[in-house]
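Accompanying notes for the structure given below.
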Amino acid sequence: MWYGLNIKFSNARMAKSRMLWFEKWVEVTMKTDKLLDKCFYIIGWVFIAIGVGVFAIYHAGILPSIRIAPCMIHSMTGYYCPGCGGTRATYALLHGKIITSLYYHPIVVYGVVVGGWFMISQTIERLSRGKLCIGMRYRDLYLWIALAIAIVNCLVKNLVLAIIGIALLG
């Protein structure tokens, strides 16, 4: 009888320590800071303004056609770097080809979705003066997800190239 109680106590203690570990993990990965949110919000508007300006200049014919240099890592080794396909993915996304953009590099679509929702939700929260608290907050977790996407993308494309011999990016 006593032995059974001791096991239950031990299991309860282990469950409590697991819960504390989980709470600590949530606290670390979900921490946020209002100053960071404000800085990223301002930086977001600066990037939007630059993007609109470049888009307008390009479509006005002032900018000649842009030629992008090839990836040095791919040129030297024959393998893809973690950023290979990013420019093609951006180009495809700007032309409304979401699936093609995901194929070339999924981090571009991820960045647009996360960044877009951040800007929209922060704008709504700021315009409502905090009455609608839907503003997405900066969290390190979003960067870890982006890093995982870049690593998996690079590994898959290079493994297909090395094992099967198919160059997925042409």
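Compute from the Cα atoms of segment 25-170 the Rg and the Dmax, the latter being the longest Cα-Cα distance, and quote both in angstrom.
Gyration radius and largest Cα-Cα distance of segment 25-170: 18.4, 56 Å.
I'd like to check one number: the per residue accessible area of segment 53-110, probe 1.4 Å, reported in Å² as a whole number. Can you show the working numbers first?
Values: 4230 Å² over 58 residues.
Accessible area per residue, segment 53-110: 73 Å².
Compare the peptides 88-98, 131-141 by average per-residue count of other Cβ atoms within 10 angstrom and give them in order, highest first. Numbers along the way, then the final one.
On the way: 88-98: 16.0, 131-141: 14.0.
Result, highest mean first: 88-98, 131-141.
So, in nm, how far is label residue 146 from label residue 123 when the simple model puts each one 7 Å beyond its Cα toward the Cβ?
In this crude spin-label approximation the distance works out to 2.0 nm.
What's the magnitude of the charge dipole for segment 73-170 around its Cα centre, counting Lys and Arg as +1 and Asp and Glu as -1 at the beta-carbon? Answer in Debye, nearest 20.
In total the dipole reaches around 320 debye.
Sort 45-56, 104-115 for me by packing, meaning the mean count of neighbouring Cβ atoms within 10 Å per residue, highest on top.
Numbers: 45-56: 11.1, 104-115: 18.8.
Going by the mean number of other Cβ atoms within 10 Å, highest first, we get 104-115, 45-56.
Using the Cα gyration tensor of segment 54-127, with a ≥ b ≥ c the square roots of its eigenvalues, what is the shape: rounded (a/c below 1.5), prolate (a/b larger than b/c) or oblate (neither)?
Numbers: a/c = 2.47, a/b = 1.39, b/c = 1.78.
It comes out oblate by the Cα gyration axes.
The values are calculated or read from the model by the stated rules, or taken from the named source; none is laboratory data. Keep in mind the model is a prediction, meaning the values are calculated, not measured. Quick reminder, even Gly has a Cβ in these numbers, built from the backbone with ideal geometry, and neighbours come from all protein chains shown. Just so you know, the surface numbers come from the protein's heavy atoms only, side chains and all, with ligands and any DNA or RNA stripped out. Shrake-Rupley method; radii C 1.70, N 1.55, O 1.52, S 1.80 Å.
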